[in-house]
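Trainee: Next up is a structure, given as structure tokens.
Each value in this text was obtained by applying a stated rule to the coordinates, not by laboratory testing. This one's a predicted model, so the numbers in the text were calculated from it and none came from an experiment. So basically every Cβ, Gly included, is an ideal-geometry build from the backbone, and we count neighbours across all protein chains shown.
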Amino acid sequence: MDRHAAQIRIQKLKAEINHHRYLYHVLDREEISDAALDSLKHELEGLERQYPEFITLDSPTQRVGGEPLDAFTKVSHSARMLSLVDAFSYEELQDWQIRNEKFVPPGTPFDYYAELKMDGLAVTLIYHAGIFWKGATRGDGVTGEDITQNLKTIEAIPLKLEFKKLPAEAHSRAEKEIEVRGEVFMTKKVFERLNSEQAKKKLQTFANPRNAAAGSVRQLDPKITASRQLSFMAYDLITDLGQTTHKEAHELLKQLGFRAGEQNKFCTSIEQVEAYHEMIGGIRGKLPYWTDGIVVNVNDVRLFKQLGVIGKAPRGALAYKYPAEQATTIVEDIQVQVGRTGALTPVAHLKPVKVAGSTVSRATLHNVDEIERLGVRIGDTVIVQKAGDVIPDIVQVLPKLRTGKEKKFVMPRKCPVCGSPVVRREGEVAFCCSNKQCYAQQHEGLRHFVSKAAFNIDGLGPKILEQLFRADLVKNPADLFSLRELDLTPLERFAEKSAENLITAIQASRHVTFARFIYALGIRHVGEETAIDLAERFGTIDKLMAAPPGELNAIRDIGDVVARSIHEYFSSKQNRELVRKLLQGGVVVTAERRPVRVTPLAGKKIVVTGTLASMSRDEAKARIREAGADWVSSVSKNTDYVVVGADPGSKAEKARKLGVKMLSEAEFVTMVK
Ligand code: IVH
């Protein structure tokens, strides 16, 4: 390639790489694989090495390139980086509005723009002629630290702004200098991975994602920051590009190429802000990042300015936070739990305490290294923290409150459930029960299999599972699908009705998505997210079972340990046998939650009464479900069909009265075929 051709190719490669970066890190979409993108970057690096005169500041190769610094230099902020006043209740939110109204002429209308309060750290970004020039931390609000090199490693931060989508008048102003503020944060997934890697390397783990993000951005070596996979969400446009409202500022930020305004809401009243706060409160556990509240802004920019600043915070904005998620309590005991993979997890039994609205009496301590890191002893006063819906964590011990009677925890040498020796797997922190047949492992495996995110079988609580296990009826998940009503009725706690309900629930759960199926198997390190990734990548169980570790490893977010674990799982004859039994026993892996088949019965509600000659009741139910219809137990005017077998009961009579269409067995059989 000659010099001119190289120059053109470099330009095109930069644009292409940037396009995919934007899709993935800003829009959360993906058009080409990691491997393909790496390959493009590799080609670009090669060409730039050959023609260094074509390297530009906004080249994707310039994200990590800087040498470690000795210290950060100071930066004076063009406009003070303020903080926010906190509110914790609707009353405080209302008070804020009442206060604001006093600063403006009576009757001034107020609109609000409500957004997520990201739990990370504030930074400011300055662009010259659209190219990222300098970025800094907040510091004391007046002076921060220059962390440009580190910010460049964050792929959600554009190195070059997009001007094409801006309105014409904003375009000319944007050419000079643009200052944008926002939050650098770490997603929950990255945070958890980082902490488990840190623990493995016997390095300090982070108490929360904010500390992790702050610690990562303040590294003198940008290579470390790069490895932390930070993200960025913009929330303020300091430069005047003609925006008259905060909402418009967010639209401009998006047009410039920033990730911004996810979940944000324009509100015309404080009641609407309250509803938004409640809505986010309900979903924040499921968001991929942490939010500790919402930020409410007076939407009109002029009004916002008019309200001014009090102390270090603007009057026109408020952090409306969720209740504290930490509390202190006493560790009454530390006991060991055996999980489905055999790992022994120390669990702290706590003096019950309220955290974020619910009472907490247990906290996981993860492993012995974690106990050592925290320095926690039985009898200690500790700080517990709840993040989302997960089991609470102990984040800190308060050693000054010790009496001297506290006891150190010792890992038992024998499994507390089956008494087999406890072993430590090579290279891992967890201690494990050495017995694969350990009751705890099998029982936990079953619990996992029926759990909400897996097969979601109603009515199979731990007690019933234990009963089925002890009665030798269910030893592994595949056994569930061959259970019959008459297996259950002799058992204590089972009446005819409850037996029927349970069988119905089991049969109803047989159609699962491929991702749920994978998750349900309980493969070590394969959570819901990984299961989704695997399902998307492989499509069928046969392909997944045959995948070598290398192929698994090539998937984004699947590292060596997870790849090895999946491969090991499917190398076991017993596990392959389980998969086979599940599929032969009636489990149907679907593309969607329910089978979408075009049959005359799809979406219909069907009742069966009397005895069918060609199939059992359970079979009939299964056929009905496979046809995409619903099996219902009693006849109402909403019933579509009643299938009438021999010796029909009162249901046939009722159907006749209500004018519900009746089907003979023969008609039914043809329809479900
Ligand atoms: S507006 C006037 N919007 O919360 C200060 N802040 O306690 C401008 N934060 O230092 C802040 N998400 O680090 C704003 N959507 C959001 C935010 C947000 C997180 C942080 C920010 C700030 C702190 C204020």
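Trainee: Calculate, in nm to one decimal, what Thr108 and Thr359 gain on full extension: separation in residues at 0.36 nm each, minus their alpha carbon distance.
Mentor: 85.9 nm
Trainee: For the chain, list log₁₀ I(q)/I(0) at each q in 0.07 Å⁻¹, using the Debye formula over Cα point scatterers of equal strength and ignoring solvent, two decimals each.
Mentor: Scattering profile of the chain, log10 relative to I(0): -0.64.
Trainee: Too long at a 30 Å Cα-Cα cut-off: which of Lys188/Lys351; Lys202/Lys414; Lys414/Lys463; Lys201/Lys408; Lys200/Lys386; Lys102/Lys386?
Mentor: Result: Lys102/Lys386 exceed 30 Å.
Trainee: Need one number: nm distance between label points at Thr540 and Gln574, each 7 Å from Cα along Cα→Cβ, rounded to one decimal.
Mentor: 2.8
Trainee: Cut-off is 10 Å between beta-carbons; in what order do Met1, Met118 appear when sorted fewest neighbours first?
Mentor: Listing Met1, Met118 from fewest to most nearby Cβ atoms yields Met1, Met118.
Trainee: Measure nothing fancy, just the Cα-based angle from helix 496-508's long axis to the longest principal axis of the chain, in degrees from 0 to 90, nearest 10.
Mentor: On a 0 to 90 degree scale, this one is about 50.
Trainee: Let me ask you something else. Rounding to the nearest 10 and keeping the result within 0 to 90°, find how far the Cα-based axis of helix 560-571 lies from the longest principal axis of the chain.
Mentor: Helix 560-571 sits roughly 10 degrees off the main axis of the chain.
Trainee: Can you sort Met186, Met545 so the residue with the fewest Cβ neighbours within 10 Å comes first?
Mentor: Ordered by Cβ neighbours within 10 Å, fewest first: Met545, Met186.
Trainee: Still on this model: Could you work out the relative contact order of the chain, using alpha carbon pairs under 8 angstrom and six or more residues apart, expressed as a whole percent?
Mentor: In percent, rounded to a whole number, it is 9.
Trainee: How tilted is helix 270-283 with respect to the longest principal axis of the chain? Cα atoms for both, answer in degrees (0 to 90, nearest 10).
Mentor: Value to nearest ten degrees: 60.
Trainee: Something else: Along the three principal axes, how long is region 437-514 when you take its alpha carbons, biggest first, rounded to the nearest angstrom?
Mentor: Principal extents (Cα only, largest first): 31, 29, 18 Å.
Trainee: From Cα pairs below 8 angstrom and at least 6 apart in sequence, can you work out the relative contact order of region 293-395, rounded to a whole percent?
Mentor: 23
Trainee: For the chain, just give the cysteines left without a disulfide-compatible partner, judged by no other Cys Cβ under 4.7 Å.
Mentor: Within the chain, the cysteines lacking a partner Cβ under 4.7 Å are Cys267, Cys432.
Trainee: By count of other Cβ within 10 Å, fewest leading, how are Tyr127, Tyr112 ordered?
Mentor: So the residues, fewest neighbours to most, are Tyr127, Tyr112.
Trainee: Below 20 Å, Cα to Cα, which lysines can Lys164 reach? Residues fewer than 8 away in the same chain don't count.
Mentor: Partners within reach: Lys12, Lys14, Lys176, Lys247, Lys254.
Trainee: Between Glu653 and Gln337, what is the spin-label point distance in nm, taking each point 7 Å from the Cα along the Cα→C-beta axis?
Mentor: Each label point lies 7 Å from its Cα, and together they span 5.2 nm.
Trainee: Now a separate question. May I ask what percent, to the nearest 5, of DSSP beta bridges between residues of the chain are antiparallel?
Mentor: Expressed as a percentage, antiparallel bridges in the chain total about 80.
Trainee: Antiparallel versus total DSSP beta bridges in region 134-267: what percent is that, nearest 5?
Mentor: Percent antiparallel among DSSP bridges in region 134-267 is about 90.
Trainee: Another question about this same structure. So if I place +1 on the C-beta of Lys and Arg and -1 on the C-beta of Asp and Glu, and nothing else carries charge, what would the dipole magnitude of region 141-261 be about its Cα centre? I want it in debye, nearest 20.
Mentor: Once rounded to the nearest 20, the dipole reads 760 debye.
Trainee: Can you tell me, using C-alpha contacts under 8 Å and at least 6 residues apart, the relative contact order of region 550-673 as a whole percent?
Mentor: Once normalised by length, the contact order is 22 percent.
Trainee: Any idea how far apart Ser434 and Thr328 come out in nm if each label point goes 7 Å out from Cα toward Cβ?
Mentor: Modelled inter-label distance: 4.4 nm.
Trainee: Classify region 229-387: rounded, prolate or oblate, from the alpha-carbon gyration tensor (a ≥ b ≥ c, eigenvalue square roots; a/c under 1.5 rounded; otherwise prolate if a/b is larger than b/c)?
Mentor: Because a/c hits 1.5 or more and a/b exceeds b/c, region 229-387 counts as prolate.
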